[in-house]
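For reference, the structure is listed below as C-alpha cells.
Quick note: the coordinates plus some simple rules give every number you see, no bench work behind them. These figures come from a predicted structure and were not determined experimentally. Neighbour counts are summed over all protein chains in view; Cβ atoms, including those assigned to glycine, are modelled from backbone coordinates with ideal geometry.
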Amino acid sequence: MKQSRSLTRWLAMGLIAGVAAVSAAPASAQATLDTVKKRGKILCGVSPVSPGFSYADDKGARRGFDVDVCRAMSAAIFADPDKVDFIPLNTNVRFQAVQSGEVDILSRQNTWSFSRDASLGLDFGPVVFYDGQGLMVSTKLNVKSAGELADAAICLLPGTTTLQNLEDFFRPRNIKYESVVFENSDEWRNAFFNGRCDAITSDRSDLASVRAIANNPSEYVVLPETISKEPLAPTVRQNDPNWRDILSWTVYTLIAAEEKGITQANVDEHLKSKDPEIQRMLGVNGDLGKMLGLDNKWGYNVIKSLGNYSELFERNLGPETRLGLSRGPNELWTKGGLLYSPPFR
C-alpha cells in the first residue's frame, strides 16, 4: 500500500510537471507565419549600408544578397517578392530586434556561432554565405600580412565576433595591438578612411563592401590571412519551428534549383519535367507547401521571382559587380563547394 501511494504521488507530480511544460510551450507553432499573413508583409532586418548585401539604390529601393533572401521569403509566402519592409539595424542592436519582434527575420551577415545559437533565444537558418574574418589596410602602410600589424590600431564594431577572433589570432603570436570600437558602421568606415586606424577588420565579404565604396578602392588591400570561420546565416526567433522551416526550405529551394539547372528564365519549362523531385519542388505533385502552411507552388514562386542561388550571387556579389567576389566555398557541393540541399521528398 505504501508503495502504491508513492507511485500515485509520483504519477501526480509527473502529470503536474507535464502540464507545466505544455503551458510553457509556444502557444502556436505557426505564430510568426499567422502574424506575417495578417500584417500582409515581412519585417526584415538588414545592414544599413553594405554594398552587395544591403544598400539603397538611386531610387531608395533596397538591393543586395541579404535583401534577396528576404524577398525570396516573401515570394514563398505571398507569391510576391515585394511584400517586405526592410529595417536597417546596426550590429549592436540587430539580435535584440529579432528577440523583441521588431523584425521577423534578420538577414544581415550574421555569423552562426555556438553562444549565439545556445544563449540568445535565436534559431539560425541554413548558411547562405561561407565567409571568414580578414583585415584590410591602406597600401600606404606597406603591410603584406597580418603578422606585421604589431602595435597597430584596428577599427572594429561592437556586438560582433571580431574582437574575440582578433584575440585568438594575435595572442598566440605575441602580437600586441589596439582595438578601437565604433558604435555604427558609418563611424567605423569613416575612421578607417580618415586614417584614425591602421587596419579595419570584419568578414572578408564585408571588407570587400567597404573597399567598394572608397573614393579610390585601389588604395586599400585585404590582407591574405583568413583568421576565422564565419558561416553567415539568416536568423529568426526560437520556438517557432514552422517559421524556421519556411526560412530553411526557402534557402534550400535556391540551392536545389541551381543543382537541378532551374533558373528564373526556364522555371516554366521545368513544370513539365519528369524528375519527381523537381515536380515536388515546383508544386506540380505532392503537398510540400501545405506542410509549411503555404501554397504548393511556393517553390515555383521563389524561383520565378528571384532565380536560383547562383543568380542571387552573380547579380549581387559576383565578378561583374563592384565586389567582384568569386564563389569559392559558396559553390555547390558538386563543384567542390559547401552548398548542399537536403532532398525535397
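In region 262-345, what GluC sites (Glu not before Pro) fall in a loop by DSSP, with at most 13 other Cβ atoms inside 10 Å? Provide the component values of the computation, followed by the final result.
Values: sites: Glu269, Glu277, Glu311, Glu314, Glu320, Glu331; in loops: Glu320, Glu331.
Counting only loop positions with at most 13 other Cβ atoms within 10 Å, the GluC sites (Glu not before Pro) in region 262-345 are Glu320.
The sum of -39500 (n - 2.57) across all DSSP H runs of n ≥ 4, divided by the residue count of the chain, sets its helix-only mean residue ellipticity at 222 nm to -11500 deg cm²/dmol. Per-residue Karplus couplings for region 275-283, computed as 6.51 cos²θ - 1.76 cosθ + 1.60 with θ equal to phi - 60°, are listed in order as 6, x, 5, 4, 4, 5, 4, 8, x Hz, Gly and Pro entered as x. Distance from a point 7 Å along Cα→Cβ of Glu225 to each backbone N in region 120-138: keep the residues under 14 Å and list them by number. It comes to 133-137, nothing else. Could you let me know the centre-to-centre spacing of region 82-114 and region 231-269, using Cα atoms, in angstrom? Region 82-114 and region 231-269 have Cα centres separated by 18 Å.
Note on Asp117 and Lys274: the extension gain reaches 52.5 nm, defined as 0.36 nm multiplied by sequence separation minus the Cα-Cα distance.
So which DSSP H runs in the chain come out at 30 Å plus along the axis (Cα) with average Kyte-Doolittle of at least -0.5? Walk me through the numbers on the way to the answer.
Numbers: long enough: 2-24 (33 Å, 0.61).
Both cut-offs are met by 2-24.
Placing unit charges on the Cβ atoms of the charged side chains and taking the dipole of region 134-283 about its Cα centre, the candidate lying farthest along the positive direction among Asn174, Thr160, His270 is Asn174.
Ranking Tyr220, Gly147, Leu306 by how far each Cα lies toward the positive end of the dipole of the chain (charges on Cβ) leaves Leu306 at the top. Taking amide hydrogens as placed 1.01 Å from N in the peptide plane, the amide H of Val84 sits under 5 Å from those of Ile42, each at least 5 positions away in sequence or on another chain. Distance in nm between label sites at Ser145 and Asp295, each 7 Å beyond Cα in the beta-carbon direction? Simple spin-label model gives 5.7 nm for this pair. Each Lys and Arg adds +1 at its Cβ and each Asp and Glu adds -1 at its Cβ; summed about the Cα centre, the chain shows a dipole of about 1020 debye.
Amide H to amide H, with H built 1.01 Å from N, Asp123 comes under 5 Å of Val236, Arg237, Gln238, counting only residues 5 or more places away or on other chains.
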